[in-house]
Amino acid sequence: MTPVNSDHLTTLSSVLGFEHHIGLQFLAGTGLIKLHNEKTQSYSVVQAEWEKFILEEDLGDIMESVNRTTVNTDVGKRKAYFINYGNKARLKHIPKDQLTSKQLHIIDRQLKFHRQVSKAIVAMRVSNNQALGGRKNSVCSASEAEECEDEEELEDTTFDPDSVLISDADAPNLASLLGESRKRVTKSFLNNLLLEMFKVMGIKSNAVEFDYKNGTKGCAILVPKVKNYLSFDKQARRLQWMKSLLNHIAGPDSMEDAAQWITTYLGKHYEASFTLASEDLGFPLVERMDEVSAEAMWSAANVNVVQQRIIRKHLKFCFGNRIFLPSKVFKDDRTHYNVETYYGFYKFYRNGDKMQKPEKCPFWTRDSSEVVCKELTKLLDYSSNEVSTKLSSICSTSCTIIAGADQGQGAWRSWIKISTESGERIREQMATDSNYDPKTSYLISQVAHITCKKDNYEILSNTVAERLSSGYEKLQTSALVFIKPPSEQSKIEGVFISKHASNVQLEHNLSGSDKCHLTYYVTGREENAFTFKNVSEETFEQNSKIVCIIPSFQLFVTGDLAFYADVLGMPNSSSYWCPWCLSSRPEWQMLPSEQNSTERTAEFQKEMYEKILQDTAKRLNPVDKKGVSCQMQYKSLTLTNFVPPLLHLEMGMVNLVWDEFESWIDNEVEMIPAHEQEARRKVSEASQLLEVAIAGKKEADQTINIEIRQKKAEIKVLKGEVRKVRDPGTIQHLHATISLLESSVTEQTNALNEIKGNVKKCQEQVAIWKKKLSDYKIERGKPEASIVAEIEMLLDQYRISRGSYHGGDFNGVCCRKLVGNAQQITFEIRRILMAKKNEKCDENSIEKKMGDLEQLLGLLDSAYAYLNILYPNEDEKQNAKKAVSALMAFWRSMSLNMTLKAHVIECHACPFNDKWGTGDKEESFVEQGHQVGARDNSRYARLTNFVKKSESTLNARQQSSHPLVLEQQQKIEKATKKRSNESHAKNREMKTEAKRVKRETYVKKIQQIHKIQ
Ligand SMILES: [Zn+2]
């Protein structure tokens, strides 16, 4: 009837599309409301008619019956009629808002109303023109009649601001009580009157109840003014005014409801106060999560952007608020710390055969010196003091960079590991802080990627080698200066200068400009060489400062031995030639003292390659070439930069030991006939082939299949075009394109079918050989599992299993576990062998073999454990030497194969360890890189475009390796780690000590037997 807060949208007439007063007249015409007071033009609702209307029009499911509700308006509480659609609890009763799409058929009714009203208005205009001329605001509902004031009277009166006018209409009782003096009543008089009335009416309490003229209850509550919460609480208890308030709002039985309404209202409008109050009361609220914490969580759980959105949506639904703050830091940083990425594409023809379909090898690479610079400036920009002291420790020595590369999971990836802390400092921390994690002492970043099935010299040299090489060269010859501009927000810049620079400083006013230049002196390295001053071209803002200088970089390369061979320009030689020295396989078999231990140098490699180029007559002997056949790839790196790859070496040796042991079981313990061994070998071969075939099919489904579909769609489009085009030349061209596409589709479909057929064939092969094997076993009278199978089950209990990635070998982690638990495992195996051995097999030979195996595994454990010590001291270096010589002496006495890996451990690992330390340079970070790569693949599996996929990956990685994110992750790890108490730490200490003692015993035993010093 009456607009709430003068908002016409809140009236029924508005939703019907009427001018308010015409709408009222119309509704009166329908009988739903009636004119209540002729004079004031006020209407009242005829409730019974509405009920009837809802019933007749079958609106029960969307409308409630009419109700009267008190609403807060600009002029105080008022009662209004409400015709509710949908949600009754909505505060603003704007009918249109309450309509949902389901309820839109109400609009039809509106149109019907419109037609009727047009007729009604015409009729009314004719019959009663004057009735329409009434004032707009004169229409009120009956219940609010008392609020319709006579405005004219007010306008005429003028009075003293301190006095109050008591009008007969407003306050007839007061007026008659005061008589003539009513025109000069002061506010203070009324004030006193009010207080007196409260005193008279409010017995004991300070709330006074009264009745409005229309019968509704009113309540006046005296609200005390307070200074702080303490007095608020005191007054509320004493005066009980809050209780009165709640009681009045909802009645004595629903005070809880009223309290809830008020709390909700306050929580909504005074969010901060509400949160603080809840915390005070000990009800934790979900706080909004800042972007760094959120990113730390997303990256730790490997959640991609789409998944993030879904989770955010659910959390928002659950907790009401958006609980994450929007991220901006990362967007800005992405551009600032971005390193340019070069993309390329190489077609690799296997064996140079151009008739064959080439393997497509897309690749990307980055300048590693740029990566180092950006990563370190990022670290400095966001570093706390702790990080700065860390970095300053490398400023006094040098920064170690390890470049590692490896093939795995369908791609070749090259990573660099940048140390951010000096070795000395790390040792110190490890000794003093038991919670110290050496993982915090370096950064890892990928610098190159090639998608290929197997890396080789040709692919490497045609894709990333040159760029990588120049990046490495820059690092090897440079120092890095960090410069901070004066303003707080601006970021640090890194500048590479010659590593022979001295007296590095920022100078002002060199060229008359107000900028700074970086200047330094460089002295030639020969005697009596000139010293000259260099001025950098780049300029820096005035008052910029040099934060720190990394004086030099120590660069090392790690990877498997085949990779070293490739890099050195001697591909496919790794089973015969050593990358570190000029000895070959036959020489490795001799004792170290009898070998040709001439170092292989970069000069030798270069000279030999020159000789080969000139050797057109092919007179050079393979023995003279010493494995060299191509150019070196990383020109600046010499052999001293190559780290003996501990992980690969250990894996190779442990697997060799284990293979030998298994074949000994087959031949000596189980005495398996040759044909059964053959069948067993065939089963494992066929299983491996099957795995390869299945992987191939999976890949084909993702690539060829998609291509076929795309081409088919293209054909369809072209065919449609043929029908439209008239020009014969164009038609011919289109037909040619179509038939080309069609033939390529047929070709690809055939290829796909072949791949599928291959899988089937492999499956058949596996089945055939499995059947044969079980037949042979039954023939021999041993249908149950073989000893080897049982041993594998035993190893499973130690979580040691042969992975499919390494061609059925144990991976690095499994090798560690195997050698670490040598004693228990050999004990258990001994039991299995004794129980299941062939009758002809001698128990003593089993005893001896198991003893040897334990000794061998134990020695492998000690040698690699000593070599893996981070930044070893002299004692530890000596221990490593002793362990290695004991291992190799025993290795030789067991007549195990002297492979290149065994040779490298015997001759090259310890000299390297003495000089640089191998522990921090082992290649497991490259292995972890493959896992990161696999994770990224699963994150961005849907992206088929190589460049887009790489960019998304690199962006996501940059974000998750942000210093703030890493810091947060470390914090969380520390906080959750706290549970491990002292007894845990003691336990760990004891275990470490036990291991150390065991290792020493293994080594000492062999030292005594072989009399090694
Ligand atoms: Zn060698």
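In loop segments of the stretch 767-872 as defined by DSSP, the GluC sites (Glu not before Pro) with at most 11 further C-beta atoms inside 10 Å of their C-beta are Glu784, Glu839.
Note on the stretch 892-1013: Kirkwood radius taken over Cα pairs, Stokes-Einstein applied at 25 °C and 0.890 mPa s, translational D equal to 122 µm² s⁻¹.
Rolling a 1.4 angstrom probe over the protein heavy atoms with all chains in place gives the stretch 554-650 an accessible area of 45 Å² per residue. A simple spin-label model places pseudo-atoms 7 Å from Cα toward Cβ; at Asp701 and Lys974 they are separated by 4.7 nm. Using the 1.4 Å probe convention, the accessible area of the stretch 710-780 works out to 73 Å² per residue with neighbouring protein chains retained.
When Rg and the Kirkwood radius Rh are both evaluated on Cα atoms of the stretch 677-717, their ratio Rg/Rh stands at 1.40.
Across all Cα pairs in the stretch 602-752, the calculated P(r) in 10 Å bins from zero up to the longest distance comes to 8, 15, 13, 16, 24, 14, 8, 2, 0 percent per bin. When you work out D = kT/(6 pi eta Rh) for the stretch 1-49 at 4 °C and 1.567 mPa s, using the Kirkwood radius from C-alpha pairs as Rh and the Stokes-Einstein form, the result is 118 µm²/s.
Beyond 30 Å in Cα-Cα separation lie the following of the pairs Lys199/Lys225; Lys760/Lys837; Lys268/Lys378; Lys268/Lys974: Lys760/Lys837; Lys268/Lys378; Lys268/Lys974. With 31 Å as the limit, the listed pairs Lys360/Lys756; Lys848/Lys991; Lys682/Lys882; Lys439/Lys848; Lys454/Lys711; Lys921/Lys998 have Lys682/Lys882; Lys439/Lys848 beyond it between alpha carbons. The fraction of accessible area contributed by carbon and sulfur in the stretch 548-653 is 52 percent, rounded to a whole number (1.4 Å probe; ligands and nucleic acids excluded).
Ligands, DNA and RNA left out, the accessible area of the stretch 843-946 computed with a 1.4 Å probe is 49% carbon and sulfur. Here each label is just a point 7 Å from Cα along the line to Cβ, and for Leu943 and Gln307 those points are 1.6 nm apart. What a 1.4 Å probe finds exposed on the stretch 168-256 is 57% carbon and sulfur by accessible area, rounded to a whole percent. Computed with a 1.4 Å probe over protein heavy atoms only, the accessible surface of the stretch 870-1013 comes to 57 Å² per residue.
Taking every C-alpha pair closer than 8 Å and separated by at least 6 residues, the mean separation divided by the residue count of the stretch 172-302 gives a relative contact order of 10 percent. Qualifying GluC sites (Glu not before Pro) in the stretch 429-499, where qualification requires a DSSP coil assignment and no more than 11 other C-beta atoms within 10 Å, comprise Glu488.
Normalised by residue number, the volume inside the convex hull of the Cα atoms of the stretch 574-686 is 194 Å³ per residue.
For Lys949, a cut-off of 14 angstrom between C-alpha atoms picks up these aspartates and glutamates, skipping any fewer than 8 places away in its own chain: Asp936. FRET efficiency for the pair Asp624 and Ser924, taken as 1/(1 + (r/R0)^6) with r the Cβ-Cβ distance and R0 = 30 Å, rounds to 0.20.
Computed from the Cβ-Cβ distance with R0 of 45 Å, the FRET efficiency linking Asp257 to Asp170 stands at 0.85.
In terms of its Cα atoms, the stretch 755-897 spans 59, 46, 28 Å along the principal axes, sorted from long to short. Give the shape of the stretch 645-684 as rounded, prolate or oblate, defined through the alpha-carbon gyration tensor: a ≥ b ≥ c are the square roots of its eigenvalues, a/c under 1.5 means rounded, and otherwise the shape is prolate if a/b is larger than b/c and oblate if not. Note, shape of the stretch 645-684 comes out oblate. Each Cα pair of the stretch 833-884 feeds into the Kirkwood radius, which the Stokes-Einstein equation turns, at 10 °C and 1.306 mPa s, into a diffusion coefficient of 121 µm²/s.
The values are calculated or read from the model by the stated rules, or taken from the named source; none is laboratory data. Please read all numbers here as calculations on a predicted model, not as lab measurements. Positions of Cβ are generated from backbone atoms using ideal geometry, with glycine treated the same way; all protein chains shown enter the neighbour counts. Note: accessible area is taken over every heavy atom of the protein model, side chains too, but ligands, DNA and RNA are not part of it. Shrake-Rupley method; radii C 1.70, N 1.55, O 1.52, S 1.80 Å.
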